[in-house]
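Worksheet: one structure, shown below.
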Amino acid sequence: MTHPDELSAYMIFSRSDWAALRASTSLTLSDADLAALRGLNGPITSAEVSDVYLPLTRLLNLHFSAARNLMQVKAEFLGRPARRSPYIVALAGSVGVGKSTFARVLCALLAGWADQPQVALVTTDGFLHPNGVLEERGLMRRKGFPESYDLPRMLRFLAAAKAGERELELPVYSHLIGDIVPSERQVIRQPDILVFEGLNVLLARGTAPVVVSDFFDFSIYLDADEADIQSWYVERFLRLQPTAFRNPASYFHHYRDLPPGDAREVAERLWREHHRANLRENILPTRTRADVVLRKRSDHSIGEVWLRET
C-alpha cells in the first residue's frame, strides 16, 4: 500500500520509461553468469537486467564519480591526500523479496564498469547476535527484528569502512545452521564500492546520535505487495523442505518429513507470526528513506521504479 504523500517525494517510472535511461550502458553478464547468480526463487532474465539494472548502474556510476570528485576537491582544499573511502550502497527489503539475488547481480554489474572497481557485498546477517545470546535474552522469536542485531558492532564496522581502514573483519552467518559460525570471518579489504544488504538497514532509531544509514551514499528498497512476498516466502520454504532441510545440520531439519499441507501451514504460520510483523513494524516504514524503490510484480519482475527527487 502506498500513500500520496509518500509518492510525492519520487518520480515514478514505468519499466519501459526507466529502460530508456540505460543509454549506452553495456550488459557485461552472460546468461550463464546470470544463472550462477540466480537465487532459489529469484528468477532474473537478461531483459530484466537490461531494462532495470543497467539504468540503475548508470545512475550509480554518475553518483559514484561525483562523490569521488568531491572527495578529491575536499582533499585539495585541506591540502592533504584524498582518503580512500568506499562508496556504500544500501539494499533494504523484506525476507523473501529477492534481496540476495538482486545484490549479487548488482555487485557483478558494478564490478564490470570500465575502471573495474573493487566491489564487496556485506549482509547484516553477520551482525546478528549468536543464537546463544538471543536465547539468553529471550529474543529467538525476534530474530531478524532490530533488537536481534549487534548494532554497536555494525556501526563500528561501517565507521571503520568509511575511515578507509585497510582490512575489516565481520562474523559469518550460516543459513544452513541458522547461526553465526564462530570459526569463520569475512574479510573486507578496502573496496571501492560496498553493497550493504539487510532487512532493517534504513531504520532510524528514535533520538540515536548515529544510525546505520548515516554511512550510506545511496540506498535502494526492493518492494512488492505483501501478499506476493508471502507467496514467495512459502514457495521457497516448500522448495527447501525436500532439499536443504534434509541436511542433518539444517536449522529446519525437523520440518523435513512434513506432509505438503502441513509444510505449507508451517510456512504460512512462520510468515504470519514473524516475518509479516517485522515487515509491517520495521521494514516497510523505511521505504520512504530510500533513494530508489524498485516495485516487483507478482511474477518477480520489476515493473515500476521510484526515483527520489526531493
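The values are calculated or read from the model by the stated rules, or taken from the named source; none is laboratory data. A quick note: this is a predicted structure, and the numbers were derived from the prediction, not measured. Every residue, glycine as well, gets a Cβ built from its backbone with ideal geometry; the counts of neighbours run over all protein chains shown.
Structural remarks
- Matching residues, segment 83-116, being crowded, with 21+ Cβ neighbours inside 10 Å, hydroxyl-bearing (Ser, Thr, Tyr) and within 20 Å of ALA227 (Cα to Cα): SER94
- ARG205 meets each of the listed conditions (1) of a type outside the set (Asp, Glu); (2) buried (at least 20 other Cβ atoms within 10 Å of the Cβ); (3) assigned to a loop (DSSP other than H, G, I, E, B) apart from (2).
- Selection from segment 123-164 of residues that are in contact (Cβ under 8 Å) with a residue 24 or more places away in the chain and either of a type in the set (Asp, Glu) or more than 26 Å from ALA277 (Cα to Cα) (or both): ASP125, PHE157, LEU158, ALA159, ALA161, LYS162, ALA163, GLY164
- Counting only residues that are without any contact (Cβ under 8 Å) to a residue 24 or more places away in the chain and surrounded by 12 or more Cβ atoms within 10 Å (Cβ to Cβ), segment 240-264 holds 9 of them.
- Output for segment 153-172, where each listed residue is over 18 Å from the mean Cα position of the chain (by Cα), surrounded by fewer than 17 Cβ atoms within 10 Å (Cβ to Cβ) and not in a helix (DSSP H, G or I): ALA163, GLY164, GLU165, ARG166, GLU167, GLU169
- Among the candidates SER219, SER183, SER174, residue that is under 24 Å from LEU270 (Cβ atoms) and of a type in the set (Ser, Thr, Tyr): SER174
- Applying the set (1) modelled with pLDDT of 95 or more; (2) under 21 Å from the mean Cα position of the chain (by Cα); (3) farther than 25 Å from SER174 by Cβ to HIS300 leaves exactly one unmet item: (1).
Condition check ((1) within 15 Å of the chain's Cα centre (by Cα); (2) within 30 Å of ALA35 (Cα to Cα)) across all residues:
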position	(1), (2)
ASN61	no, yes
LEU70	no, no
VAL89	yes, yes
VAL95	yes, yes
GLN118	no, yes
GLY126	yes, yes
ARG141	no, no
LEU151	no, no
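- Close Cβ contacts (under 6 Å, 6 or more residues apart or on different chains) running from residues in segment 280-300 that are touching a residue at least 24 places away in the same chain (Cβ under 8 Å) to residues that are part of a loop (DSSP other than H, G, I, E, B) and surrounded by fewer than 17 Cβ atoms within 10 Å (Cβ to Cβ) comprise HIS300/PRO43.
- Looking across segment 111-125, just one residue is farther than 15 Å from TYR87 by Cβ and part of a strand (DSSP E or B), and that is THR123.
- Within the set VAL187, VAL181, the sole residue that is assigned to a strand (DSSP E or B), loosely packed, with under 15 Cβ neighbours inside 10 Å and touching a residue at least 12 places away in the same chain (Cβ under 8 Å) turns out to be VAL187.
- Looking only at residues in segment 63-110 that are assigned to a helix (DSSP H, G or I) and of a type in the set (Phe, Trp, Tyr), the one that is farthest from ALA159 (Cα to Cα) is PHE102.
- Residues in segment 190-202 that are part of a loop (DSSP other than H, G, I, E, B) and charged (D, E, K, R): ASP192 alone.
- Selection count where residues are basic (Lys, Arg) and either surrounded by 14 or more Cβ atoms within 10 Å (Cβ to Cβ) or in contact with a Pro (Cβ under 9 Å, 6 or more places away or on another chain) (or both), scope segment 121-137: 0
- Number of the condition not met by GLU184 [criteria: (1) closer than 30 Å to THR288 by Cα; (2) more than 14 Å from the chain's Cα centre (by Cα); (3) charged (D, E, K, R)]: (1)
- Exclusive hit being touching a His at 6+ places or on another chain (Cβ under 6 Å) and modelled with pLDDT of 95 or more, set ASP192, ASP150: ASP150
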